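S.K.: Below: one structure in structure tokens.
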Amino acid sequence: MAKAKAKKTAKEVGREIGETIGAEIDKEREKGECCEKKKVVYKGGGNAVYGLGFIGAAIYFIQYADGFWMGVLGVLKAIVWPAILIYKWLVMSGM
């Protein structure tokens, strides 16, 4: 009679999986594809400039508003002030 194959315990299965994963990590380390330090550069200065420009433009447009709805229009203009600025610059340069 053939012997019945013994079932592996969860501990044994976990150990086998861990050994397999460990071997893969060791292979990647040998290749140099693992654990490399990568230089990360954050570029977010434009957001601060736009934010300060928005605040300045909102103050300017609201300051010269004649009524409530002109103030609302001033806030909307303050949101798109870079587009207005570029448009006027292109018109003045004759493009």
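Rule-based calculations on the coordinates, nothing more; no lab input. These figures come from a predicted structure and were not determined experimentally. No Cβ is skipped: glycine too gets one built from the backbone with ideal geometry, and neighbour counts run over all protein chains shown.
S.K.: Mind ranking 46-59, 16-29 by how tightly packed they are, going by the mean number of other C-beta atoms within 10 angstrom, highest first?
M.R.: 46-59, 16-29
S.K.: In whole Hz and in residue order, list the ³J(HN,Hα) couplings for the stretch 14-29 that follow from phi through the Karplus curve 6.51 cos²θ - 1.76 cosθ + 1.60, θ = phi - 60°; x for Gly and Pro.
M.R.: Listing the rounded values in order: x, 5, 5, 5, x, 5, 5, 5, x, 5, 5, 5, 4, 4, 5, 5 Hz.
S.K.: Show me, for the stretch 48-62, the HN-Hα J-couplings you get by feeding each phi into the Karplus relation (A = 6.51, B = -1.76, C = 1.60, θ = phi - 60°), rounded to Hz, glycine and proline as x.
M.R.: Once rounded to whole Hz, the list reads 5, 5, 5, x, 5, x, 4, 4, x, 5, 5, 4, 4, 5, 5.
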